[in-house]
Each structure stands twice: as structure tokens, then as C-alpha cells.
2 protein chains.
Amino acid sequence: MADKSDKSNRFKARLPRGLEDHTPGEIAATRAMIDRIRAVYELYGFEPVETPAIEYTDALGKFLPDQDRPNEGVFSFLDDDEQWLSLRYDLTAPLARYVAENFDTLPKPYRSYRVGYVFRNEKPGPGRFRQFMQFDADTVGSSSPAADAEMCMMAADAVEALGIPRGSYVVKVNNRKVLDGVLECIGLSGEANAGKRLTVLRAIDKYDRLGREGVAALLGAGRKDESGDFTRGAGLDTKQIQSVLGYIESPYLAHGGDIESALDSWGKAIGLSSTGKEGIAELKQIAALVRAANYGTDRISFDSSVVRGLEYYTGAVFEVDLTFSTDSQDGSPRFGSVGGGGRYDGLVARFRGEPVPATGFSVGVSRLLAALEHLGKIETEAARGPVVVTVFDKDRMADYQNMVAALRNAGIRAELYLGSGKFAPQMKYADRRKAPCVVIQGSDEKAKGEVTIKDLIVGAELAKLEKGREEHLQKQTQAQRAVPEARLVEAVREVLARHGIAPH
Amino acid sequence: MADKSDKSNRFKARLPRGLEDHTPGEIAATRAMIDRIRAVYELYGFEPVETPAIEYTDALGKFLPDQDRPNEGVFSFLDDDEQWLSLRYDLTAPLARYVAENFDTLPKPYRSYRVGYVFRNEKPGPGRFRQFMQFDADTVGSSSPAADAEMCMMAADAVEALGIPRGSYVVKVNNRKVLDGVLECIGLSGEANAGKRLTVLRAIDKYDRLGREGVAALLGAGRKDESGDFTRGAGLDTKQIQSVLGYIESPYLAHGGDIESALDSWGKAIGLSSTGKEGIAELKQIAALVRAANYGTDRISFDSSVVRGLEYYTGAVFEVDLTFSTDSQDGSPRFGSVGGGGRYDGLVARFRGEPVPATGFSVGVSRLLAALEHLGKIETEAARGPVVVTVFDKDRMADYQNMVAALRNAGIRAELYLGSGKFAPQMKYADRRKAPCVVIQGSDEKAKGEVTIKDLIVGAELAKLEKGREEHLQKQTQAQRAVPEARLVEAVREVLARHGIAPH
């Protein structure tokens, strides 16, 4: 059949895997969320900057977690001049390029924020996309732990500005130097042990999820998960494993909020490592600053198991964890991390050839949005649509169009039905558009100089009521009424006011 | 020298050509501009939708102007499953994919808008980038000229909402079917003449810039430009050229606003072509609708030379031209087109295998921004920065930090100096940050329980005044004053009020 052959010639309308479209409700909610975070960042003196989605591949570097093969994880293409270009995989590497390129004209320290899409050429999965939005803030040019402390406090303030109550989140802080000290102390320093160190760090990172036994297995011979898949371990001996576990299991909170005592207990695992000692000293300074600013342990805490995946971190690392559960039967943390960051003193130095300290914080926008939606702090369902003016007589399009214009001029969202359907499809259309009401003018109304306003919200309520009762009669009056043409705007305003819909 | 070898190992911080970073001022101005346009589109009932930057190459199609080679103009890469992916080159082709994919659940006609970056792998030049922002609105599922008329009226309203006065812009309308009719009438129909038709359309498109003589040359043997470069012409004969020129040179305005007479004069060039007649009829309907809605020829006009470059247009085409000049000595249009669009009835049909009419309008965001900046309607220079609290005694970081917190809690943008510099670099920093004032507390002030507020704006004025005069003395009092610690916020508020800086 001709029809069949037509179909086979058609292009299939589909998105590549790991990519998604966004609905009106999601877009409006994301915008509202970003506006609230932006207000906090601007109050802290951070200013916006924006870099393009494409950079030279060598400028981005290779710092992605879990990517052992070169170029893995990044979308790349060859430019006309035979140089490799890549889509950015985060907003930090491009910022480092930007700062290095504009070093002489920027104020230093340089505080900035940016929001934008990043791209990962990875295997997509549930909640794991190949394009997603990040919202970053960074301070470049300050080695002071006060810059890290400020990041943590700003992150806490931003979370609260979104309506997440104190007690439902915590900013967890650690330091890569402490982790390096722990590794040094169990004999894993040097280039030869780089791979093993990475395996140990990844195991520590999983403590929240897998607990003591799982991490011990990953530090030792390896671990078989529920599905039977085996993950090869770091091959540490019992004494090394005990040392790492002892470090992980001395969290700050176990010391009743006494940071000195908590950090001293971490100190046991770093032995004589000077790097480790430096890390502990930095954490103590951060702790002193956030306490002086009255950020309690309920808001900013310290956690020895925080690692953060990206390879470029060199000092303090932090993440924001949401501590409420989505499952009422289970009190355990569920949402987990919605953002994180840390100190990356080497990234700008790659370009400058001189040390340029930097620290930053990145929010995973869609994860945070999901959390806010779960908490009922934001609405991702689209709001009410526009008023729809229906078309009864195609020769009178200009008249209908002028009704729409009158409504719009009064600040009321309104549209003209532009399809070819008769009455029933027009009502179905208004329904899909979530119109609060429709405006109708057939030849009868026209002859009388009137328009009919049909309140669709009351109409829907009416359908559920018993006929003849007083409430039914009252609603019937509201559901549909004819008014003189000149009173169109006024009558529509009454409908909107009835349902609490603000004019634009 | 070791230093030299270090330098040669460094990565160079640079952007690939045709890509750009955006400053705080540009970002804020773009956001303000988009907000104003969005308000108009929402008032018209359009709702947002967002698609990803990456699509299947075959879903995007090849509709770019001036791209004769396949794949030219588009950034593409091979996915793991050997399918080609591309970065979107406009926002229309992805919308067509989106509508086709969600056809059954979308209201029809479907009005939507979207803003986002698009990518062109083209030779960059001045004002010509490989990544730029577009802001589109589309109505899919209506074949009615009322949908095209609505696009034109909405575009005119959006331009005025941005503060561009009536008389400084015009929405110009034409119809591809009329152009097809003209080509048919001079014997250029049929597949064999496709290339020639394209050359003729491109020549017509250049009438604004090259005038009669230039276009006549491009329609005939070809044209040598000022630099001596030769562009091969369409090879039409004198009679054909006369016919095309006659059509171009019968613009609407020459008929004193009488659309019937103007379009009848265009009709001469289409002879008996039924396609051409259809186009004329559609234009007459659009004209009647916009006139009925009181959009005069100063806002929406008709222009036989409007072509629009993209190949997918099938009916009405329109563009928004800014008619003011940037050069005061020259009254000729200078800014030209800041947006355009048209009817593309074939794009969704590629996927659906059934006709799905559509019409849309796209704004070139940075071009429009440049125009607004030129008109003084928007400020792309960054506004005043935050209040800077300086650091005199590094052991008292917590105290300084608490001053900053007190200012922020009062809604005042404020930041702590986080660098390692002494007084002079801190003042230089505050200057670069455009700080309205700095807060200072050295050991003397601390001993007295005071803070010093230095008004940098008054300070700059002071430096220009003659010493000893009354004004100088008065400003001196304002330029620097000590207040009790408890009055810090109040005193900073006074400085901000003096300079009309609103709190956050």
C-alpha cells in the first residue's frame, strides 16, 4: 500500500538516549529556583559570568570520575583546523580557562557564579542524563580557608532560601589532604600506587550507601553485589583496612560537636603525614569561622567519608546532603547529595604556570528541583492557562481577534482558537490548555450584542454536584453567563478573581 | 631556564574562534530583555518548552542557508551505537521533532516559546558566532493566516515592550509562494532549476543592501564586489531580470498603504501561477487581520524583497527590521533585521507523514541586545558592586566576617576581602569591584569600638575638587567617617541612599 511505503520513508521523531525535553511547569519551577539561589549569591557579592558550551579539549583536561579511558565521558569533535573541541562536562574547567585568559583585568580574589548545561557522554540511566544543568559559584585567587568557609555558609543559606528547613539538610566538609594523609600513612603514596589510591577513595565514598562491611570488602579482595556482579577491591591487608575504617568511623557528630576532639581522632589515621596535618589544620580554621558566624553543626558539619568524585580537588571538599527520607517507613537519608564542591588549586595553574588557589561549589539543578518538589516547596505542574476565545464564524476572525486583544490589553493572558475544529474540539482544546474560561460569540449572541463567558473551573465542579440543589443552582449561574460586549473584560476579570488567578 | 620550559608545557588559555564569554552586564541585560519578551509571549498564551542541545542528525535535517555541501554548518559526532548526533543549528527543527513525538498529548494548535543556544559550524566573522542565542515562538497545527498575523502582531508588541518606539521598527511580510510564482512565471520551475532558483532568491534577498544595479548583476552574469571578488550570477536574460526587478520594486509603501493595489502590482509578476495567487490571497488575509486589529503600516508592512534564508519556509515569511541608523550623517537603515520567521508546513510532516501546518518567529538575542544598547534602552555595563569589608588583622577574620553577615542580613550586598594584600591592594580591589564603600576596622578603631566607612564614590568626586572650598569640606565629611560598631548597617545604608543604590 502507498500508505505503508510513506510511513517507512518517514523520519522517526525521537531523542537520543540520555537526553530530555522539559515541560512548562519544570521550566517555570527551575527559573524560580535559580532566581532564589541567584539572590543569595549576589548578596554574597558574587557576579555572573558565562562561558560557551564548546572549549578546546586540552583546555578542559580530563578530571571526570570513573573514566579510565582517555576521552571517555566527553563529547568531542575535530575542528576545521584539526584541533579537538569538546562540549564542557562541568562549569569549573571552563571557569579556570576564563580566569587564566582574563587574569590581568579581573578583580582578585574573583567571586563569580554561572548556570548552564553540561554534557557527559556516558551511559545514561534513571536520573542520569547526558545533558544536565549545573549552578556553580567559585572564588578564585584566595588560599584562605575563609573562602572555603564562605562557600559552605553560602550553600547553607541558599538551601534555606529555597524553603528547605534547618534540620533537613547538612553541609558536610572534609579535606583531600586528610585523605591523602590517611593513604600515605598506610603506605600508598607515590606514582606507582595512584590506581590503588583511587580505588580506596571510591570505596570510602560509598560508606554512606554500603556501610562498614561493604567498604571493608572493597578495600580488601573485592565485593559481590546483590545482582552477583563482582567489583575488584583495592587489595589492602587487614591492618590497612582497620586504619581506613577507623578514620571513616570517627565522624564529627560522634564527638558531641567538639571539633577539636573530632579532628584529633581523624588525626590518628594520618600519623606523621605533613599533608594530612595541613588538612586537619585547614579544617580547624573552617570550623572556627563557621562557628563564629553562628552556623551550628546542624547546618555545617564535618564528615571523614566525604570524598567528591572529581579528580581536580586539592584541599577542602564539601557536599550538601538532604537528610529527609522519601520513604516514611525508613528514617534513613534518601535524597542524598544535591551539590558539592571543593578547593582546586591546580586548575588555573595549568594555564598560568603559577599557583592560583580556587574553591567552588556546584548545585545539581534537576536533583535539587526533585527534592523541592518532594517537599512541596515548588510546583512543577503547569499553572492555569490563558482565556480562550472561541471561533464560531470564520468570517468574523477579526472580531474574535479584537476580543483577545482587549483582554490582553487589560493584562489578561488570552488566545484565539486558531484550529479548524467546531465547538466540541474547541472546548477540548480549552480544557487541555487549562483555560479558566472561554469566550463565545455565535450569531445569536452577536445579534444581541452580547458575549457568553463559560467558567470551566466552576463547570467542572458543577458536573460533580446533584442537580436542583441550591449550590447547584448558584454554580450554574456562575458557570455560564451572557454579558454585553462592552463588559467582556470586566466579566472575565470576575471569573479570574473567583479562582484567585492574578492578572499578568 | 627552568622557567621557560615550564611556560612551554603550559596549556594556552584561549577560546576556539567564533565563541565568546559573556560579562555580568551583558548577562543581566540579556535576562532583563528576555523577561520582557517572555511577558508578551505569555500574555499571548504561549507556553515555554525546552529541548536539548543535541539531536539525531537526521531529525534536524539540512535547511541551513548558504550550505551547499552535506553536513556543512553543523557540529556532528558519532554516538556509541554508530548513529550521528548533531548540535541544533536553530530551535525550529528540534521543535518539529518535539511536536511530532508528543503529537497526541499536546493541545492543537500548539503555541509555545523557547530560548536557548544554537550552534553553527561556520566561518566566524565580526558579529558572527558559532554559538548564539535565539528566542523563538511557534504555533503548530494551524494553517490559518490568522496564525501568521498573530506572529507579526506579537513580534511588533514584543519590540515595543522593549522600549523601541513606533517608527523605529517595522515587521515586513512576504510569502514564499509569491516568490515561487515569480520564478515559475520566468520559467524556473522544476527540479532541474532548483539551483538557479536558490541563486535568484539570494539575489532578491540582497536588494536592501546592493540596490537595483547589484541585484540585476547577480540575476544576470554575475557581480564583482569592491574587493574584486566575483560572485557568479543566475544567468537570467534581460526580460527575466526585468520581471524580477519589477516585482521587487513594487513595495507596499509605494502604494500609499493601499494593500489591494500593492498586492495587485506584485500579482503582475506571477502571471497565471496558481501558487503565486495563493500566496497573494494569504497576504491579503494577513493584511486584513492586522489592519482590523489597528496595526498600521508603520508597524506591519509588506515587502516583496523579503526572502528569509532558511530552506524550510513554505508560505508567509516575515522579519523585524530596525529602521533607525547608527550613523547620524546617514538616514539609511542600519541595524537591519533582528528577527524573522515564517510558515514551515513541511517540517513536522517529515516525521508524521501527514500535513502539520506551522508558523514561527525567531529573535536573534545578541543582535537585539546590541540595538537596545545603542538606543540607550538597556544597560550592559555592570552596576555598582558590593560593599567590601577590608581585613586589617588576619587573626580577626571572624569579626570581619560577622560585619559582612550583618550587612547581608540587612539585604545589603557585601563581601569580605579574601586576598592576601595589605591596604593598597584592598582599595584597588574595592575599586575594581565598583564597591560604593568599604568598611575598615584597624586596631585603633577596634580599641574605640568603632568602624570607618569610606564612601568611594564621594572620594572619587573629592579628588576632582579644589581643596579648602566649602563643597570640598562638606564632601570630606561624607567621604570618610567613623561610627560605633553597632551603627555599621545604618551608616552603610546612608551611603547607599546617598547614591540611590537600592538594597537587594
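Taking B:Ala383 and the conditions (1) assigned to a helix (DSSP H, G or I); (2) within 37 Å of the chain's Cα centre (by Cα); (3) at pLDDT below 95, which numbered condition does it fall short on, given that it satisfies the others?
With (1) assigned to a helix (DSSP H, G or I); (2) within 37 Å of the chain's Cα centre (by Cα); (3) at pLDDT below 95 applied to B:Ala383, the lone miss is (1).
Quick check on this structure: which one of A:Val391, A:Val438, A:Val492 is without any contact (Cβ under 8 Å) to a residue 40 or more places away in the chain and not assigned by TED's automatic domain parsing to the domain that holds A:Arg31?
A:Val391
Before we move on, is B:Gly233 small (Gly, Ala, Ser), surrounded by fewer than 19 Cβ atoms within 10 Å (Cβ to Cβ), in the same structural domain as B:Lys284 (by TED's automatic domain parsing) and more than 23 Å from B:Gly340 (Cα to Cα)?
Considered against the rule, which asks whether it is small (Gly, Ala, Ser), surrounded by fewer than 19 Cβ atoms within 10 Å (Cβ to Cβ), in the same structural domain as B:Lys284 (by TED's automatic domain parsing) and more than 23 Å from B:Gly340 (Cα to Cα), B:Gly233 comes out as no.
Would you be able to say whether some residue in region B:341-358 is assigned to a strand (DSSP E or B) and within 30 Å of B:Asp444 (Cα to Cα)?
no
Inside region A:259-301, can you point out the residues that are at pLDDT below 90, over 21 Å from B:Met397 (Cα atoms) and either outside any loop (DSSP other than H, G, I, E, B) or touching a Pro at 6+ places or on another chain (Cβ under 7 Å) (or both)?
Result: A:Ser261, A:Ala262, A:Leu263, A:Asp264, A:Ser265, A:Trp266, A:Gly267, A:Lys268, A:Ala269, A:Ile270.
With the structure loaded, tell me whether B:Glu490 is over 41 Å from the mean Cα position of the chain (by Cα) and in a loop (DSSP other than H, G, I, E, B) or whether it fails that test.
no
Here are the criteria: (1) within 30 Å of B:Ala435 (Cα to Cα); (2) free of Cβ contacts under 8 Å to residues at least 60 places away in the same chain; (3) facing chain B (nearest Cβ under 7 Å). Tell me which single one A:Arg31 does not satisfy.
Of the numbered conditions (1) within 30 Å of B:Ala435 (Cα to Cα); (2) free of Cβ contacts under 8 Å to residues at least 60 places away in the same chain; (3) facing chain B (nearest Cβ under 7 Å), the odd one out for A:Arg31 is (3).
Of all residues in region A:192-211 being over 30 Å from the mean Cα position of the chain (by Cα) and aliphatic (A, V, I, L, M), which is nearest to A:Asn174 (Cα to Cα)?
For region A:192-211, the residue satisfying everything is A:Ala194.
Before we move on, is B:Phe392 assigned to a strand (DSSP E or B) and in contact with a Gly (Cβ under 8 Å, 6 or more places away or on another chain)?
no
For B:Tyr89, which of the numbered conditions (1) facing chain A (nearest Cβ under 9 Å); (2) surrounded by 18 or more Cβ atoms within 10 Å (Cβ to Cβ); (3) assigned to a loop (DSSP other than H, G, I, E, B); (4) of a type outside the set (D, E, K, R) fails to hold?
It fails just one condition, (1).
What is the residue count in region A:119-176 for residues that are within 15 Å of the chain's Cα centre (by Cα), within 12 Å of chain B (Cβ to nearest Cβ) and charged (D, E, K, R)?
1
Is it the case that region A:477-499 has a residue that's at pLDDT below 90 and not acidic (Asp, Glu)?
yes
Which is part of a loop (DSSP other than H, G, I, E, B) and among the polar types (S, T, N, Q), of B:Thr105, B:Thr139?
B:Thr105
With the checklist (1) under 45 Å from the mean Cα position of the chain (by Cα); (2) at pLDDT below 90; (3) assigned to a loop (DSSP other than H, G, I, E, B) in hand, flag the one item A:Ile412 doesn't pass.
(2)
Can you say whether A:Gly276 is within 17 Å of A:Ser243 (Cβ to Cβ), crowded, with 22+ Cβ neighbours inside 10 Å and not aliphatic (A, V, I, L, M), as far as the supplied structure shows?
yes
Count, please, the residues in region A:433-473 that happen to be in contact with a strand residue (DSSP E or B) (Cβ under 7 Å, 6 or more places away or on another chain) and assigned to a loop (DSSP other than H, G, I, E, B).
Selection size over region A:433-473: 5.
Got a sec? Which strands (runs of 3 or more DSSP E) wholly within region A:144-248 have at least 2 residues that are without any contact (Cβ under 8 Å) to a residue 24 or more places away in the chain and over 30 Å from A:Ala29 (Cα atoms)?
By residue number, A:222-224, A:230-232.
Does B:Ala288 count as within 26 Å of B:Thr92 (Cβ to Cβ), of a type in the set (Gly, Ala, Ser) and over 22 Å from the mean Cα position of the chain (by Cα)?
Answer is no for this residue.
When both residues are 6+ apart or on different chains and their Cβ atoms are under 6 Å apart, which pairs have a first residue that lies in region B:40-52 and is at the interface with chain A (Cβ under 7 Å from one of its Cβ atoms), and a second that is of a type in the set (A, V, I, L, M) and crowded, with 23+ Cβ neighbours inside 10 Å?
Close Cβ pairs (under 6 Å, with a partner that is of a type in the set (A, V, I, L, M) and crowded, with 23+ Cβ neighbours inside 10 Å) amount to B:Tyr44/B:Met154.
If you go through region A:386-397 one residue at a time, how many are more than 16 Å from A:Leu488 (Cα to Cα) and at the interface with chain B (Cβ under 8 Å from one of its Cβ atoms)?
1
Consider B:Glu373 against the criteria (1) more than 19 Å from B:Leu496 (Cα to Cα); (2) within 9 Å of chain A (Cβ to nearest Cβ); (3) charged (D, E, K, R); (4) within 39 Å of the chain's Cα centre (by Cα): it satisfies all of them except one. Which criterion is unmet?
(2)
The values are calculated or read from the model by the stated rules, or taken from the named source; none is laboratory data. Note that the structure is predicted; figures quoted are calculated from it, not measured. Note that each Cβ is placed from the backbone with ideal geometry, even for glycine, and that neighbours are counted across all protein chains shown.
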